[in-house]
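Below you'll find the structure, written out as structure tokens, and then a few comments.
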Amino acid sequence: MTDRRIHAAYDLAKEQYAELGVDVDSALKTLATVPISIHCWQGDDVGGFESSGGEIGGGLAATGNYPGKARTADELRCDAAKALSLIPGMHRFNLHASYGDFGGRRIERDEIRGEHFTRWIDWARSLGIGLDFNPTFFAHPRATSFTLSHPDSATREFWIRHGQACRTIGAAMGKALGTPCVTNLWIPDGMKDSPIDRVGPRERLLESLDAIFKDPIDRTHNLDAVEGKLFGIGFESYTVGSHEFYFGYALTRRVLYTLDTGHYHPTETITDKLSAVFMYLPEILLHVSRGVRWDSDHVVVLSDDLEAIAQELVRGKFLGRTHIGLDYFDASINRVAAWVIGTRNLLKALLKALLEPSATLRRLEIDANYTDRLATQEEFKALPWGPIWDYYCTNAGLPPRGTWLAEIKRYEKDVLSARV
């Protein structure tokens, strides 16, 4: 499709939205201000670059063996830069602690320092993007059924030191790049079968978290977040860091609460949870994934669930209070393409939400005119948002829908196919 045709289709679509009182240019300006934090672990199947080479563990599993995964930090940076070059907007990159440049040396988790992420900071600065960070409480000999809630005090103290080190690294990233780093804490602690003592591990976790977050850090450099989960493989019956536990912790300690779309029952969505938690918390971290029957972290698609989340963020005016990141890993397809597909789909969902005639719909709802509200919602679904997306991409100098995949194929032929 030529630029001329794209602009013509955009102008026509813009007129149709204007008839419903929607300012398309304003919607695109807002979309351009929303950064998505793209996750490192899609690029190498959650392997990381530590010398131990251990199994992922912690209830995590990457399936598939598509050729070309990143084997080094340099390769991962190259792949991520290619993905970012095909995604409109200015975004971020989300690292786990196990992805440092360790120089082939074994660095214990409680000994990692900012120096191991200097090259990541330089890379991010060269692209003009921010970084986010995560302690890695899995894929380690001392990460068994328990970490921060372990009954052995020496093990807990080891992981406390790891959490403290990661906050310091996150702050260094934020300070160097001039944008706050969100450092998100998730642990896989739990039990496969029903425990006798549910209280003890949670008491120990509470004590460990307080130790990690004891020293204040400038919020312009680092924002702390805690993430709950329903269950994990091998931890089906009891999760120490449940949603209720972490919501209470975030509320009382004033840290960010993380909502992950894959961390609930298969029929449970987070759409209604957003306005509820925002009644009490100023900001949250949102991890967007796609669970299929469980927290399977499939590539994000443009589904009804995704669109409902985007609508709630826009309708509730929550975009400025939400740090949005992706969280999935699929090793059965081209990994760079998976990044591009998922991120573009999330941006598409946000665009559709921003194009919604929400002022009209809200007025109809206040007037209890539910017939017109429903009719307007349904008519809106047929409006041509695709040409607006194409215009947004081409205006950013990127290929529109249907054409970016050719660039991925060239990259696969020239770069990924050489990896064995």
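Mind telling me which of the residues PHE93, PHE102 ends up being over 30 Å from ARG401 (Cα atoms) and either touching a strand residue (DSSP E or B) at 6+ places or on another chain (Cβ under 8 Å) or not polar (S, T, N, Q) (or both)?
Details: PHE93 fails: over 30 Å from ARG401 (Cα atoms).
It is PHE102.
Among the residues of segment 398-420, those that are within 25 Å of the chain's Cα centre (by Cα) and not in a helix (DSSP H, G or I) comprise LEU398, PRO399, PRO400, ARG401, GLY402.
Whether any residue in segment 250-260 is in contact with a helix residue (DSSP H, G or I) (Cβ under 8 Å, 6 or more places away or on another chain), surrounded by fewer than 18 Cβ atoms within 10 Å (Cβ to Cβ) and at pLDDT 95 or above is what I want to check. I'd like the intermediate steps shown before the answer.
The first filter runs over segment 250-260 and keeps only residues in contact with a helix residue (DSSP H, G or I) (Cβ under 8 Å, 6 or more places away or on another chain), leaving 253, 255-259.
Keeping just the survivors that are surrounded by fewer than 18 Cβ atoms within 10 Å (Cβ to Cβ) gives 253.
Next cut, at pLDDT 95 or above only: 253.
Checked segment 250-260: at least one residue is in contact with a helix residue (DSSP H, G or I) (Cβ under 8 Å, 6 or more places away or on another chain), surrounded by fewer than 18 Cβ atoms within 10 Å (Cβ to Cβ) and at pLDDT 95 or above.
Does segment 323-339 contain at least one residue that is assigned to a helix (DSSP H, G or I), out of contact with any His (no Cβ under 8 Å at 6 or more places or on another chain) and over 30 Å from TRP41 (Cα atoms)? Looking for residues that are assigned to a helix (DSSP H, G or I), out of contact with any His (no Cβ under 8 Å at 6 or more places or on another chain) and over 30 Å from TRP41 (Cα atoms), one finds none in segment 323-339, hence no.
Yes/no per residue for (1) within 21 Å of LEU306 (Cβ to Cβ); (2) of a type outside the set (D, E, K, R); (3) crowded, with 22+ Cβ neighbours inside 10 Å; (4) at pLDDT 95 or above:
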site	(1), (2), (3), (4)
SER358	yes, yes, no, no
GLU365	no, no, no, yes
GLU379	no, no, no, no
ALA382	yes, yes, no, no
ILE388	yes, yes, yes, yes
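Among the conditions (1) in a helix (DSSP H, G or I); (2) touching a residue at least 40 places away in the same chain (Cβ under 8 Å), PHE102 misses just one, which is (1). Scanning segment 401-420 for residues that are over 25 Å from ARG71 (Cβ atoms) and either polar (S, T, N, Q) or surrounded by 20 or more Cβ atoms within 10 Å (Cβ to Cβ) (or both) turns up just one, THR403.
Being acidic (Asp, Glu) and part of a loop (DSSP other than H, G, I, E, B) is the filter; apply it to segment 185-209 and report the residue that is most open to solvent (accessible area, probe 1.4 Å).
Going through segment 185-209, the residues acidic (Asp, Glu) turn out to be 189, 193, 197, 203, 207.
Those left that are additionally part of a loop (DSSP other than H, G, I, E, B): 189, 193, 197.
Values: ASP189: 2, ASP193: 110, ASP197: 79 Å².
Once the filter is applied, the top-ranked residue is ASP193.
Taking segment 78-125 as the range and being surrounded by 15 or more Cβ atoms within 10 Å (Cβ to Cβ), basic (Lys, Arg) and over 30 Å from THR394 (Cβ atoms) as the test, only ARG109 passes. Just so you know, in segment 262-282 the residues that are in contact with a helix residue (DSSP H, G or I) (Cβ under 7 Å, 6 or more places away or on another chain), open to solvent by 20 Å² or more (accessible area, probe 1.4 Å) and in a loop (DSSP other than H, G, I, E, B) include one that is farthest from ARG204 (Cα to Cα), and it is THR269. Of everything in segment 126-145 that is open to solvent by 30 Å² or more (accessible area, probe 1.4 Å) and assigned to a loop (DSSP other than H, G, I, E, B), the residue that is modelled with the lowest pLDDT is THR144. Selection of segment 172-184 for residues being surrounded by fewer than 24 Cβ atoms within 10 Å (Cβ to Cβ) and of a type outside the set (Gly, Ala, Ser) yields LYS175, LEU177, THR179, PRO180.
Return yes when ARG167 is buried (at least 18 other Cβ atoms within 10 Å of the Cβ), part of a helix (DSSP H, G or I) and touching a residue at least 12 places away in the same chain (Cβ under 8 Å) and no when it is not. So ARG167 passes the test.
Any residue at all in segment 39-50 that's at pLDDT below 95, over 22 Å from the mean Cα position of the chain (by Cα) and within 28 Å of GLY234 (Cα to Cα)? Yes: one or more hits.
For GLU15, the conditions (1) open to solvent by less than 60 Å² (accessible area, probe 1.4 Å); (2) free of Cβ contacts under 8 Å to residues at least 60 places away in the same chain; (3) not hydroxyl-bearing (Ser, Thr, Tyr) are fulfilled apart from (1). Applying the criterion of being open to solvent by less than 40 Å² (accessible area, probe 1.4 Å) and small (Gly, Ala, Ser) to the residues of segment 304-323, the residue that is nearest to ALA27 (Cα to Cα) is ALA310.
The residues on offer are VAL292, VAL340, and the sole one that is free of Cβ contacts under 8 Å to residues at least 40 places away in the same chain and either of a type in the set (A, V, I, L, M, F, W, C) or open to solvent by 10 Å² or more (accessible area, probe 1.4 Å) (or both) is VAL292.
Is it the case that ARG161 is open to solvent by 70 Å² or more (accessible area, probe 1.4 Å) and in a loop (DSSP other than H, G, I, E, B)? Outline the logic, then answer.
Numbers: open to solvent by 70 Å² or more (accessible area, probe 1.4 Å): yes; in a loop (DSSP other than H, G, I, E, B): no.
So ARG161 does not fit the description; no.
Given the residues ARG321, ARG293, ARG335, ARG315, which is the only one that is of a type in the set (Lys, Arg) and within 18 Å of MET90 (Cα to Cα)?
Details: ARG293 fails: within 18 Å of MET90 (Cα to Cα); ARG335 fails: within 18 Å of MET90 (Cα to Cα); ARG315 fails: within 18 Å of MET90 (Cα to Cα).
None of the other options fit; the residue is ARG321.
The values are calculated or read from the model by the stated rules, or taken from the named source; none is laboratory data. As the structure is a prediction and not an experimental result, all values here were calculated from the model. When we count neighbours, we look across all protein chains shown, and the Cβ atoms used for this are built from the backbone with ideal geometry, even at glycine. Surface areas here come from the heavy atoms of the whole protein model, side chains and all, with no ligands, DNA or RNA. Shrake-Rupley method; radii C 1.70, N 1.55, O 1.52, S 1.80 Å.
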